[in-house]
1. Being of a type in the set (Gly, Ala, Ser), buried (at least 22 other Cβ atoms within 10 Å of the Cβ) and either farther than 27 Å from residue 172 by Cα or in contact with an Asp or Glu (Cβ under 6 Å, 6 or more places away or on another chain) (or both) is the filter here; which residues of region 1-50 pass it?
2. Report whether or not residue 331 is within 27 Å of residue 194 (Cα to Cα) and among the aromatic types (Phe, Trp, Tyr).
3. Given the condition open to solvent by less than 60 Å² (accessible area, probe 1.4 Å), under 23 Å from the mean Cα position of the chain (by Cα) and under 18 Å from residue 46 (Cα atoms), answer yes or no: does some residue in region 170-177 qualify?
4. With respect to residue 332, is the statement that it is out of contact with any Asp or Glu (no Cβ under 8 Å at 6 or more places or on another chain), surrounded by 24 or more Cβ atoms within 10 Å (Cβ to Cβ) and within 27 Å of residue 180 (Cα to Cα) true?
5. Could you list all residues from region 116-153 that are among the polar types (S, T, N, Q) and either open to solvent by 20 Å² or more (accessible area, probe 1.4 Å) or over 15 Å from residue 7 (Cα atoms) (or both)?
6. If you take the residues of region 104-130 that are over 21 Å from the mean Cα position of the chain (by Cα) and not small (Gly, Ala, Ser), which of them is nearest to residue 62 (Cα to Cα)?
7. Of the conditions (1) buried (at least 17 other Cβ atoms within 10 Å of the Cβ); (2) closer than 20 Å to residue 12 by Cβ; (3) without any contact (Cβ under 8 Å) to a residue 24 or more places away in the chain, residue 297 clears all except one; give me its number.
8. Looking at (1) of a type in the set (Lys, Arg); (2) more than 18 Å from residue 295 (Cα to Cα); (3) open to solvent by 50 Å² or more (accessible area, probe 1.4 Å), find the lone condition where residue 158 falls short.
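The values are calculated or read from the model by the stated rules, or taken from the named source; none is laboratory data. Owing to the predicted nature of the structure, the values given are computational and were not obtained by experimental measurement. When we count neighbours, we look across all protein chains shown, and the Cβ atoms used for this are built from the backbone with ideal geometry, even at glycine. To get the accessible areas, we keep the full protein, side chains included, count just its heavy atoms, and leave off ligands, DNA and RNA. Shrake-Rupley method; radii C 1.70, N 1.55, O 1.52, S 1.80 Å.
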Amino acid sequence: MKLYASKISGLGYYVPENIVTNDDLSKVMDTNDAWIQERTGIQERRHVAPGDGNTTTSMGVKAAEIAIERSGVAKEDIDFVVFATLSPDYYFPGPGVLVQKELGLRTVGALDVRNQCSGFIYAISVADQFIKTGMYKNVLVIGSELHSKGLDMTTRGRGVSVIFGDGAGAAVLSRTEEEGKGILSTHLHSEGAHAEELALTAPGMGKRWVNDIVTDNDPDDVSYYPYMNGQFVFKNAVVRFSEVIMEGLQTNNLAVSDIDMLIPHQANLRISQFIQHKFRLTDDHVYNNIQKYGNTTAASVPIALTEAWEQGKVKEGDLVVLAAFGSGFTWGSAIIRW
């Protein structure tokens, strides 16, 4: 069976207009700019504003429209949709089908990926496999998150709530005939033993469903807010980031010195800086924008990749490495020859 190759033919992103600074957060919880920047590197993030019409789906649609236009692929030639998010508009159905409707696509398949921080890497890998095997020619991949409506915006929740922001990024993957170009390989992993170290456990059928929450009406029940064991997550992240980046390079007989641009998931600036220092990469070889947007989970890699490309930091022939680690624990990398 002939195997094809896939390339990223178009990129786009969208973030809400509403900017929330660290000083803004200090007015609703016991925190301050210095505390947040020291621990995360974040200076501000975007949150949807009441009445602005932004949803996980609508932000994904806006990012997708830009990516499709830049790709040169007509909407009627999109064969499949892969939507990565942890914050869908509805518990079910997922946002993939809503995107198919809002974009006016044919009745193509739509798949939702629930892999949180590594969601976009997983989604890219799924799209790449569909194209490699010849099943599809053009796949729309979206990562979109609306965190702000689900965060504990009080002092109780500050350890998590100051980190996250809202936004969306999208890519169109298309079949290519160019040798040695496009997605060279993807690498995916998980370690469910640590799943609850970074999790939101309710509502969920396993522990607390809606009925339990409504019946108890307990204002101290924090099970429906995200929980994170920050130090444990950090220690695992720096190890898994390094491993999966090296796995991708070695698979393609490449070295760290071959990397032209590393786009890490924007989880924490300290994690990115640790990896940059370990691999002895310069500032020109790593792109970070968590300072402006916070952690946008599945949206962070496509937003950062799009910005880097828009700024001319990702060019024809460059070796681009995407890498992510997060809740699950799940992690992955994608090695791309631009």
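1. 6
2. yes
3. The answer is yes; a qualifying residue exists.
4. When the stated conditions are applied, residue 332 passes them.
5. 116, 118, 129, 133, 138, 144, 148
6. Among them, the one singled out is 105.
7. Result: residue 297 fails condition (3) only.
8. All conditions pass for residue 158, except number (2).
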